Each structure stands twice: as structure tokens, then as C-alpha cells.
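Notes to accompany the following structure.
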Amino acid sequence: MSKKYKKLVSSMRDHSEVEFKKLLSSFSSSDRLKVLSEKNQDGETVVDSAVLQGRADLIQQVLEVIPPCDLQKIFEIQNKESRTALHEAASLGHVDIVKRIVGSLPTADLYSLLLVQNNSGNSAVHEAVLGGRVETVRWMLCNLTPAQCSVLLGLTNNLNQTPLEQAKHWGEHEIVECIQASQLADTTEGND
């Protein structure tokens, strides 16, 4: 790991948003992308660490200094379990972080990110369902077109379960309703 990576992680540990922003801003554009793409021994990036700590403030700092065209590259990086930062945020119920990530990406890039499956075959939506995170599921789905929702909700994991099947299995009735409403929107759009 580079010295720049270690300094950023150290500023996170010290809970110093100001130092984190100062360091990140001091790097050249190419160095920022390199440092934010670096992984530790667990395959986690600085962004992953910020998500795991629930640090929406640090995610915001990243959003402010990384050009929009590079954000997808940062957010699609997968750790050893093939989980992205969005998988982690969705699983942990960090809705504020999910909203920031989702809101920072154009629909096509968001769709691509949401299609990423981890080693268990779970998308970020599957992870949100497993965590009982209805607001997270709702937020991710409302930012997609009905056709994109249909494809995303048709993804099966290694247990051959779609997000809807998982929600039913775990008794997540509010999530079942949310997913069914998204699917209903897809069928009504085709009737126009």
C-alpha cells in the first residue's frame, strides 16, 4: 500500500474529515484515482473502509473531488468477496451512503453497478433484502427505468433466488410490496 493510501486511512481512523479532504484534494487527479483504487490485504479500498465505518461525510468528499466519469470505476471495485461499496452500504443499511452513491451516477452507470454480483451471486438489491433494508431497496429501484428494474429483479443468486423470492423467504413483507410495485410499474409502462 502506498504512503498516500496509508495517510488517507489514518485520517479516517482519526475521524478527521478535514484532514481526509485536505489530503485527497492535494493529490493529482491521476493519483486520486490510483489511491482510491488501491486495496488493503482484505481487498478493501478507502471507499470500502469509509462505507464500513458508515462515514457518509467521507463518501461526500470523494464525490466532490472525483470527476463524474471516474466515479463508476471507483464504485465498481470489488473486494475479495466480490462486494462493491454499494453492496456493503446496502447490506449495512447506510441509506445516506446509498443515496449519495446512487445519486452521483447516471442511470446507465447505476444500472451497471447494481448488476454486479458478489461471490454469493447477490446484487446490492439482494444484500439490502437480506438486511431487511426497505428504504434502501426502494431508493435503488426508484432510480432505474422500469425495464432496468425488471432485469435487476430477475437476477438470481447462488441459491437461485431473486430479490423478491428472498424477501418472501425472510418474511420481509414491506420489501415484497416495494418490489411488486416496481414490477407493476414495468407492466403498466408497456401498456401505454
Taking a straight Cα-to-Cα line shorter than 23 Å from K6, and setting aside same-chain lysines fewer than 8 residues away, one finds K21, K22, K34, K39, K73, K80
Reduced to Cα centres, the span from region 101-134 to region 1-21 in Å works out to 27 Å
Compute the FRET efficiency between L159 and Q53 as 1/(1 + (r/R0)^6), taking r as their Cβ-Cβ distance and R0 = 25 Å, and round to the nearest 0.05.
0.25
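Taking the Cα centre of region 1-80 as origin and charging only Cβ (+1 Lys, Arg; -1 Asp, Glu), how large is the dipole, in debye to the nearest 20?
So the magnitude is around 300 debye.
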Modelled label-to-label distance, T145 and S120, 7 Å Cα→beta-carbon offset: nm?
3.1 nm
Gain in length, S16 to E135, computed as 0.36 nm per residue apart minus the alpha-carbon separation, to one decimal in nm?
39.9 nm
Residues in region 1-15, backbone N under 11 Å from the label point at D31 (7 Å along the Cα-to-beta-carbon vector): list them, ranges by number please.
3-5
Among [x] 62, 37, 29; [y] 53, 33, 23; [z] 68, 34, 27, the entry matching Cα extents along the principal axes in Å as calculated here is [y]
Qualifying trypsin sites (Lys or Arg not before Pro) in region 61-98, DSSP loop, other Cβ atoms within 10 Å at most 12:
K80
Based on the Cβ-Cβ distance of S82 and H173, what FRET efficiency does E = 1/(1 + (r/R0)^6) give at R0 = 25 Å, to the nearest 0.05?
0.25
Residue order, fewest to most beta carbons within 10 Å, for F20, F27
F27, F20
So if we plug the beta-carbon distance of D70 and S2 into 1/(1 + (r/R0)^6) with R0 = 25 Å, what FRET efficiency do we get, rounded to 0.05?
0.90
Arrange the following residues from fewest to most other Cβ atoms within 10 Å of their Cβ: C178, C142.
C142, C178
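FYI, it's all coordinate maths here, none of it is from the lab. Because the structure is predicted, anything quoted here is derived from the model rather than measured. In this analysis, Cβ positions are derived from the backbone assuming ideal geometry, glycine residues included, and neighbour counts consider all displayed protein chains.
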